[in-house]
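*Asks:* This is the structure I have questions about; it appears just below.
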Amino acid sequence: MAHKHEIRTIDSHTAGHPTRVIMSGVPMLEGRTAQEKCVWFEQHHDDVRKLLLHEPRGHSAMVGAVLFESDIADHGAFFMGSYNYLPMCGHATIGLAATLDYLGKLKPDAQGHASFTLEVPAGVITVHARYEGDRLVGVEFENVPAYLAARRVPFSLSGENHECDIAYGGNWYVLVKASEVGVSLKPDGVQNALSIGSSIKTDINTRIKNGAIDGAVEPVHSVLFYDTQSDAAGIVSRQLVVLASNKFDRSPCGTGSSARLAQLLEDGEIKPGERVRMRNILDIDFAASARPEPSPSSSAPTLYQPRIEGMAHVTGTHFFILGENDPLQDGFLCA
Ligand code: PYC
C-alpha cells in the first residue's frame, strides 16, 4: 500500500507531560542554526507536525522534538507543540535525554555522569544525565538565562483587581498567585485554570501590544499559577501552567520553573543556589535553583542561570504511517 509518510518516533513522559522525538521521516533540514532549521521546517514540513501531534495520532498536549546535527553543540533540537513552535522546552529536553539514554547514546563516566550540550532556538544549553549503576535516575539542564521583565502588573478578573509578574525562562510567562484568583492546583482545578488563564492572557497581551506594560514587549503565551509552601526540606512551589491555545502542562514546566525562579530570587524568597521543589498537579517534583549572572548592561534586568532537574520515562516507540487516501491528512484538534 502507498504511504505518503512513514515516521518513527520514541515517546516519553516527563512528570506526566509527553515528548515525541522524531527519529526518521524528516528530510535534511535547511538552515544553519536551530532557529533557521525550525523556521524552514515550519515553512516546508508543518504537515509532519500536524500528522504527529494532532489527533488521531497525537493530542492537543503532545510536544514533538526534531533532532539534528548541530555545528556548535553536541546535539541540536527544536520543539513544537500541537499549536505552535517553542524556542525552548524544559520537559522535552529531559524527555530527549531519556530518549538518548534509551538509544544507548549517553555514556556515563565512573561517577555516573554524562553531559552534552544542546543547541535549541533559544540558545545553547547544557544537559547532565545522572546514573545509579547503569540506570538513568535524573536529568538536569542549565537553561538559557531567566529574568523578571515586569513586576506587579495590575489586571482585573470578574471586577476584582489583582497583580501578576511577567518573566522569561526560555518562553514568556505571566506569573499569577493561584489562591488570589481562586485557582486550585489539583487535577480538578484544571478547567477553571484554563478559563481564567485565557482571560488573563487576552488582557495582558492586548496591553503588551499597546505598549502599556513597561518591560514587556513580546506576546505571552502561557500563564503559570503558583502557590508557595514550605516543609522541613525547604520551599515547594506548586504550579500549573496554562500553555498556548489553552492546553496545560502536566509537568511542573521547565521554562516556567525558570521564570518562577527569577521571581522567587527577585522577591528574596530564596537565595542564589538554593534548591526549590517545583511540584505539578500530580505531586511530581522538579528540583530547581538559579544564580545571578553578569547582565549585559546596568539598565538590563538581572539575569539568572536556572538549573532544573527532573526525570523522564520512555513510554514506547512508534512507526506512524499516513495513507494516501486518509481523509484527515493534517489530523485535527477539537479545542
Ligand atoms: O517544560 O518548558 C517546558 C514546557 C513548555 C511547554 C510545555 N512544557
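*Asks:* Looking at Ser251 and the list (1) crowded, with 20+ Cβ neighbours inside 10 Å; (2) closer than 28 Å to Ser156 by Cβ; (3) within 13 Å of the ligand (Cβ to nearest atom), which single condition is not satisfied?
*Replies:* Going through (1) crowded, with 20+ Cβ neighbours inside 10 Å; (2) closer than 28 Å to Ser156 by Cβ; (3) within 13 Å of the ligand (Cβ to nearest atom) one by one, Ser251 breaks only (2).
*Asks:* Another question about this same structure. Could you check, for segment 201-214, whether at least one of its residues is within 16 Å of the ligand (Cβ to nearest atom) and not acidic (Asp, Glu)?
*Replies:* In the first step, residues of segment 201-214 are kept if they are within 16 Å of the ligand (Cβ to nearest atom); the result is 201.
Adding the requirement that they be not acidic (Asp, Glu) leaves 201.
Yes, segment 201-214 contains at least one residue that is within 16 Å of the ligand (Cβ to nearest atom) and not acidic (Asp, Glu).
*Asks:* Right, here's the next one. Looking only at segment 1-51, count every residue that is within 16 Å of the ligand (Cβ to nearest atom) and either in contact (Cβ under 8 Å) with a residue 40 or more places away in the chain or in a loop (DSSP other than H, G, I, E, B) (or both) and tell me the total.
*Replies:* Of the residues in segment 1-51, the ones within 16 Å of the ligand (Cβ to nearest atom) are 11-21, 34, 38, 49.
Going one step further and asking which of them are either in contact (Cβ under 8 Å) with a residue 40 or more places away in the chain or in a loop (DSSP other than H, G, I, E, B) (or both), we end up with 11-21, 34, 38.
Selection size over segment 1-51: 13.
*Asks:* Can you tell me which residue within segment 152-167, out of those that are surrounded by fewer than 21 Cβ atoms within 10 Å (Cβ to Cβ) and touching a Cys at 6+ places or on another chain (Cβ under 9 Å), is nearest to Glu293 (Cα to Cα)?
*Replies:* Arg152
*Asks:* Another question, then. Restricting the search to segment 68-90, which residues are away from the ligand (no atom under 14 Å from the Cβ) and either in a loop (DSSP other than H, G, I, E, B) or not aromatic (Phe, Trp, Tyr) (or both)? So that I can check it myself, show each step before the final result.
*Replies:* First, the residues of segment 68-90 that are away from the ligand (no atom under 14 Å from the Cβ): 68-76.
Hits for segment 68-90 are Glu69, Ser70, Asp71, Ile72, Ala73, Asp74, His75, Gly76.
*Asks:* Among the residues of segment 270-289 satisfying the criterion of being within 16 Å of the ligand (Cβ to nearest atom) and charged (D, E, K, R), which is surrounded by the fewest Cβ atoms within 10 Å (Cβ to Cβ)?
*Replies:* Ranking the candidates gives Asp285 first.
*Asks:* Residues being away from the ligand (no atom under 16 Å from the Cβ), part of a helix (DSSP H, G or I) and either under 13 Å from Arg238 (Cα atoms) or free of Cβ contacts under 8 Å to residues at least 40 places away in the same chain (or both): count how many of those fall in segment 255-269.
*Replies:* Residues meeting the conditions: 2.
*Asks:* Could you please let me know if Gly189 is within 16 Å of the ligand (Cβ to nearest atom), surrounded by 16 or more Cβ atoms within 10 Å (Cβ to Cβ) and either aromatic (Phe, Trp, Tyr) or under 19 Å from Arg250 (Cα atoms) (or both)? Quick ask: steps written out before the conclusion?
*Replies:* Numbers: within 16 Å of the ligand (Cβ to nearest atom): no; surrounded by 16 or more Cβ atoms within 10 Å (Cβ to Cβ): yes; either aromatic (Phe, Trp, Tyr) or under 19 Å from Arg250 (Cα atoms) (or both): yes.
No; evaluated as a whole, the condition is false for this residue.
The rows are residues; the columns are (1) under 30 Å from Ala212 (Cβ atoms); (2) without any contact (Cβ under 8 Å) to a residue 40 or more places away in the chain; (3) not in a strand (DSSP E or B).
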{"residue": "Val66", "(1), (2), (3)": "no, no, no"}
{"residue": "Ala92", "(1), (2), (3)": "no, no, yes"}
{"residue": "Gly104", "(1), (2), (3)": "no, yes, yes"}
{"residue": "Phe116", "(1), (2), (3)": "no, no, no"}
{"residue": "Val124", "(1), (2), (3)": "no, no, no"}
{"residue": "Tyr131", "(1), (2), (3)": "no, yes, no"}
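*Asks:* Additional query: Might you let me know whether segment 180-195 holds any residue that is among the small types (Gly, Ala, Ser) and part of a strand (DSSP E or B)? Explain how you work it out, then say what you get.
*Replies:* Of the residues in segment 180-195, the ones among the small types (Gly, Ala, Ser) are 182, 184, 189, 193, 195.
Now restrict to residues that are part of a strand (DSSP E or B): none.
No, the conditions are met nowhere in segment 180-195.
*Asks:* For residues that are away from the ligand (no atom under 16 Å from the Cβ) and under 24 Å from Cys253 (Cα atoms), scanning just segment 156-170, find the one that is farthest from the chain's Cα centre (by Cα). Before the answer, list the steps.
*Replies:* Pass one, segment 156-170, residues away from the ligand (no atom under 16 Å from the Cβ): 156-166.
When the remaining residues are screened for being under 24 Å from Cys253 (Cα atoms), the result is 162-166.
Numbers: His162: 26, Glu163: 24, Cys164: 20, Asp165: 18, Ile166: 16 Å.
Going through the qualifying residues, I end up with His162.
For (1) over 19 Å from Leu333 (Cα atoms); (2) hydrophobic (A, V, I, L, M, F, W, C); (3) crowded, with 24+ Cβ neighbours inside 10 Å, each residue gets a yes or a no:
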position: Leu53; (1), (2), (3): no, yes, no
position: Gly64; (1), (2), (3): no, no, yes
position: Glu69; (1), (2), (3): yes, no, no
position: Ala73; (1), (2), (3): yes, yes, no
position: Phe78; (1), (2), (3): yes, yes, yes
position: Met88; (1), (2), (3): yes, yes, yes
position: Ile94; (1), (2), (3): yes, yes, yes
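*Asks:* Any residue at all in segment 286-302 that's within 13 Å of the chain's Cα centre (by Cα) and among the small types (Gly, Ala, Ser)?
*Replies:* Of all residues in segment 286-302, those within 13 Å of the chain's Cα centre (by Cα) come to 286.
Now narrow it down to the ones that are among the small types (Gly, Ala, Ser): none.
No, there is no match, as no residue in segment 286-302 is within 13 Å of the chain's Cα centre (by Cα) and among the small types (Gly, Ala, Ser).
*Asks:* Return the residue satisfying two criteria in turn: it lies in segment 231-246 and is modelled with pLDDT of 95 or more and surrounded by fewer than 24 Cβ atoms within 10 Å (Cβ to Cβ), and of such residues it is nearest to the ligand (Cβ to nearest atom).
*Replies:* If we filter segment 231-246 for residues that are modelled with pLDDT of 95 or more, which is where we start, we get 235-243.
Checking the rest, the ones that are also surrounded by fewer than 24 Cβ atoms within 10 Å (Cβ to Cβ) come to 235-236, 238.
Working: Ile235: 20, Val236: 18, Arg238: 16 Å.
My answer is Arg238.
*Asks:* Only residues in segment 164-180 that are more than 15 Å from Ile208 (Cβ to Cβ) and touching a residue at least 24 places away in the same chain (Cβ under 8 Å) count as the first member; pair them with residues that are assigned to a strand (DSSP E or B) and within 16 Å of the ligand (Cβ to nearest atom), Cβ under 7 angstrom, at least 6 apart or cross-chain, and list the lot.
*Replies:* Gly169/Ala146; Gly169/Pro306; Val176/Val223; Val176/Phe225; Lys177/Tyr226; Ala178/Phe225; Ala178/Tyr226
*Asks:* Looking at segment 111-118, is at least one residue out of contact with any strand residue (DSSP E or B) (no Cβ under 8 Å at 6 or more places or on another chain) and either more than 16 Å from the ligand (Cβ to nearest atom) or on the phi > 0 side of the Ramachandran plot (or both)? First the steps, then the outcome.
*Replies:* Taking segment 111-118 and keeping what is out of contact with any strand residue (DSSP E or B) (no Cβ under 8 Å at 6 or more places or on another chain), we get 111.
Now drop any that are not either more than 16 Å from the ligand (Cβ to nearest atom) or on the phi > 0 side of the Ramachandran plot (or both), which leaves 111.
Yes, the conditions are met somewhere in segment 111-118.
*Asks:* Does segment 181-201 include one or more residues that are under 25 Å from Pro301 (Cα atoms), in contact (Cβ under 8 Å) with a residue 12 or more places away in the chain and either of a type in the set (A, V, I, L, M) or outside the structural domain of Thr93 (by TED's automatic domain parsing) (or both)?
*Replies:* First, the residues of segment 181-201 that are under 25 Å from Pro301 (Cα atoms): 200-201.
Retained after the next criterion (residues that are in contact (Cβ under 8 Å) with a residue 12 or more places away in the chain): 200-201.
This time we only want the ones that are either of a type in the set (A, V, I, L, M) or outside the structural domain of Thr93 (by TED's automatic domain parsing) (or both), so: 200-201.
Yes, some residue in segment 181-201 is under 25 Å from Pro301 (Cα atoms), in contact (Cβ under 8 Å) with a residue 12 or more places away in the chain and either of a type in the set (A, V, I, L, M) or outside the structural domain of Thr93 (by TED's automatic domain parsing) (or both).
The values are calculated or read from the model by the stated rules, or taken from the named source; none is laboratory data. This one's a predicted model, so the numbers in the text were calculated from it and none came from an experiment. Reconstructed Cβ throughout: ideal geometry from the backbone, glycine too, with neighbour counts over all protein chains shown.
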